[in-house]
Amino acid sequence: MSERAYEATPKEVLPHDFDEKGSIDWTDESTAINQKTMDELRELAGRYPRPRSALMPMLHLVQSVDERISPAGVRACADILGIPVAEVVGVATFYTQFRRHRGGQHHVGVCRTALCAVMGGDEIMAAVEQHLGIGDDEVTPDGKFSLESVECNAACDYAPVMMIDWEFMDNMTPGKAIAALDDLAAGKPVKSTRGPVLPGWAANERMLAGFDDGLADDGPAAGEPSLAGLKIARARGWKAPAAPKHKAAAPSEAKGAGA
Ligand code: FES
């Protein structure tokens, strides 16, 4: 019986039923990356003992320049770090903070995880959707706002929470959320409840890449709700139980564990 080598078709190798919404948009080759950006990407890579550790900050810088993870940005990161394009794409498409498509000048995230949802997150999302005329993962026609339903921001003590440009907008209501968006649309300054005057999504992406914007000290280090438990514990003299002391492993055990 003659045997022929089996050749899988691309569809058989990677069968999936997902749409391509989560992928890098390889059809949009436009880019604003220039020599300054390349120098800054190299600078970021040089900040780490292992340059590939800089990949996430580098992707934030790409976003700040190209408004999304662009094909040119992917290739620039891969070239500078000496890693395959597929590795860069793997990271860029794993984390939801990296945009695969252009968003708005201000990016709005409404938390709808359990606590925020029951405290009013669903109503805030519905009100913002209606006010902006867009749904989850969409952008207003004028490019001012993009909207995203986000998971817990680790700010549950201020629920319901909305993010604008990754800054906290605590204890939101539909009315307060819409007022903030109207002010931004009118070009008025809007202050985050625990941070600076909102500088815009691209500016905050540059800050997240690791370039200091001088705004780190705008706002409280920790607000009242976050400190409430600590204050009660101090008033009542509560102390955390001492951590159990672990016996140091015998040299032979330590050797076995590493084998
Ligand atoms: S559930 Fe919304 S911040 Fe935690």
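The values are calculated or read from the model by the stated rules, or taken from the named source; none is laboratory data. As the structure is a prediction and not an experimental result, all values here were calculated from the model. Note that each Cβ is placed from the backbone with ideal geometry, even for glycine, and that neighbours are counted across all protein chains shown.
Select from the stretch 139-164 the residues that are of a type in the set (S, T, N, Q) and within 14 Å of the ligand (Cβ to nearest atom) and write down the one among them that is nearest to ALA228 (Cα to Cα).
The selected residue is ASN153.
Test ASP217 against the stated conditions and say whether it is among the acidic types (Asp, Glu), modelled with pLDDT under 85 and exposed (fewer than 12 other Cβ atoms within 10 Å of the Cβ).
yes
What is the one condition in (1) of a type in the set (Gly, Ala, Ser); (2) surrounded by fewer than 19 Cβ atoms within 10 Å (Cβ to Cβ); (3) at pLDDT 95 or above that ALA180 does not satisfy?
The number of the failed condition is (2).
Tally up the residues in the stretch 183-207 that are on the phi < 0 side of the Ramachandran plot, more than 16 Å from the ligand (Cβ to nearest atom) and touching a residue at least 12 places away in the same chain (Cβ under 8 Å), please.
Qualifying residue count for the region: 13.
In this structure, is VAL85 away from the ligand (no atom under 16 Å from the Cβ), surrounded by fewer than 22 Cβ atoms within 10 Å (Cβ to Cβ), under 22 Å from TYR48 (Cα atoms) and touching a residue at least 60 places away in the same chain (Cβ under 8 Å)?
no
So which residues in the stretch 39-80 are surrounded by 22 or more Cβ atoms within 10 Å (Cβ to Cβ) and either in contact with a Pro (Cβ under 7 Å, 6 or more places away or on another chain) or without any contact (Cβ under 8 Å) to a residue 12 or more places away in the chain (or both), if there are any at all?
Within the stretch 39-80, just LEU44 meets the criteria.
Which is closer than 25 Å to CYS152 by Cβ, outside the structural domain of CYS152 (by TED's automatic domain parsing) and basic (Lys, Arg), of LYS245, LYS231, LYS176, LYS239?
LYS231
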